[in-house]
Each structure stands twice: as C-alpha cells, then as structure tokens.
Amino acid sequence: PQGPTRMRVRVQGAGAVSPCGTTAVGEVEDYTVNVTAAPAPPTNDGCSAAFSIADGTTPGTTFLSTYNPADGTSTCDPTGNDVWYSYTATLTGNLSIRTCTSAIDTVVSVYPTPCGSAAIACNDDCGGSPCGGPASCLTLSITSGTTYLIRVSDKSIGTGGSFNLTLS
C-alpha cells in the first residue's frame with residue numbers, strides 16, 4: 001500500500017535471538033517509510049505521443065523510457081529505449097540533427113510519418129565534427145511542409161539519462 005508505513009528494526013548482539021523486545025544487548029529502532037507510486041516514463045515515450053519541436057535545442061531524457069518495436073525500426077539501435085519528437089519542415093533544404101552535449105551515449109534516427117515506418121536516416125556516434133564521442137549527428141534533405149519523426153534512443157544503457165537535441 002502507498003503512504004507512510006511504520007517499520008521496526010531490531011539489531012541484536014551475539015547470542016540467541018529472543019522474543020520481541022527482550023534483549024540485554026542490542027537496539028530497536030522505529031522508522032517511517034513513505035511508499036509512493038513508481039515514476040512514469042517520459043510522456044513522449046511512444047511515437048504516437050511525439051513532442052512537436054522546431055529549430056533550436058530541446059532538452060530531453062530517456063530515464064524510464066521503453067522500446068516498442070511497433071513505433072519504428074532503426075539499424076543504428078534496433079532495441080534501445082527511446083523518446084520521440086515531431087518536426088515539420090518550414091523550408092526545403094538540409095536539416096542538421098545532433099546531441100553533442102548529451103550526458104549519455106545516444107542514437108538519433110529519423111522517420112517519415114506515420115509511426116511504424118522504417119528509418120530514413122540514423123547515426124550512432126559522430127566520430128568528429130561537429131561533435132565527437134558518443135554523441136550523434138546527421139544531416140538530411142528535407143522538404144517544406146513535410147513532417148519528420150525523430151527518435152532519440154539510449155542504446156539500452158539501463159536507467160537512461162539526459163540529452164540535448166539540437167536541430168538547425
């Protein structure tokens with residue numbers, strides 16, 4: 001049950017364990033533990049709940065996110081826990097996507113609509129410019145008025161972590 005729960009902890013020294021409360025050597029302590037519901041995954045955990053974003057930097061997290069194969073497939077990270085974003089191009093040209101200042105190893109994948117489509121581009125590690133290490137970066141051609149789905153995944157690193165998604 002949720003809410004405050006009283007716990008009694010009894011530590012006894014060497015010797016036989018005696019019934020509740022009678023000991024010559026030892027200690028009894030009472031604690032109150034507040035039991036709460038488990039935190040929920042990010043609200044953009046699934047493709048159908050993708051956050052709409054524009055050019056600029058968007059902070060995000062994969063903490064407690066999940067993977068659903070029905071959302072879409074990517075060769076760069078087929079089963080990593082992920083969050084989703086939606087970007088509608090305002091011009092025809094190139095879109096640069098990167099996670100250069102992220103705290104975790106990320107993978108960026110881009111999909112056409114609707115959810116469940118195969119990725120049209122993905123990147124695991126930049127390996128140089130504009131950022132190195134475990135950050136991801138890619139550039140792709142976009143068409144004005146077209147909506148693209150962007151998946152940021154964490155390569156199943158465990159509990160996830162924070163990242164910065166930059167579009168320009």
Review point. If you project the alpha carbons of the chain onto the principal axes, what extent comes out on each, in Å, largest first?
Key: 81, 33, 26
Point to revise | Average accessible surface area per residue within the chain, 1.4 Å rolling probe, Å² | key: 53
Check your understanding: Given springs between every Cα pair under 10 Å in a Gaussian network model of the chain, which of Gly132, Gly80, Gly46 has the largest fluctuation?
Key -> Gly132
Practice item. Specify the residue with the greatest mean-square fluctuation among Ala89, Ala119, Ala37, computed from a Gaussian network of the chain linking alpha-carbon atoms under 10 Å apart. Key: Ala37
Check your understanding: Given a Förster radius of 45 Å and the C-beta distance between Thr88 and Val11 as r, what FRET efficiency does 1/(1 + (r/R0)^6) yield to the nearest 0.05?
Key -> 0.15
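Using the Cα centre of the chain as the reference point, and only Cβ charges (+1 on K/R, -1 on D/E), how large is the resulting charge dipole? Debye, rounded to the nearest 20.
The calculated dipole for the chain is roughly 220 debye.
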Check your understanding: For the range 87-168, what Kirkwood radius comes out of the mean inverse Cα-Cα distance, in Å?
Key -> 13.0
Exercise for review: With a point put 7 Å past each Cα toward its Cβ, work out how far Val33 is from Ser52 in nm, to one decimal.
Suggested key: 4.5
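The values are calculated or read from the model by the stated rules, or taken from the named source; none is laboratory data. Model, not experiment: these values are computed from the prediction. FYI the Cβ positions are ideal-geometry reconstructions off the backbone, even for glycines, and counts take in every protein chain you see. Surface accessibility is based on the protein's heavy atoms, side chains included, excluding ligands, DNA and RNA. Shrake-Rupley method; radii C 1.70, N 1.55, O 1.52, S 1.80 Å.
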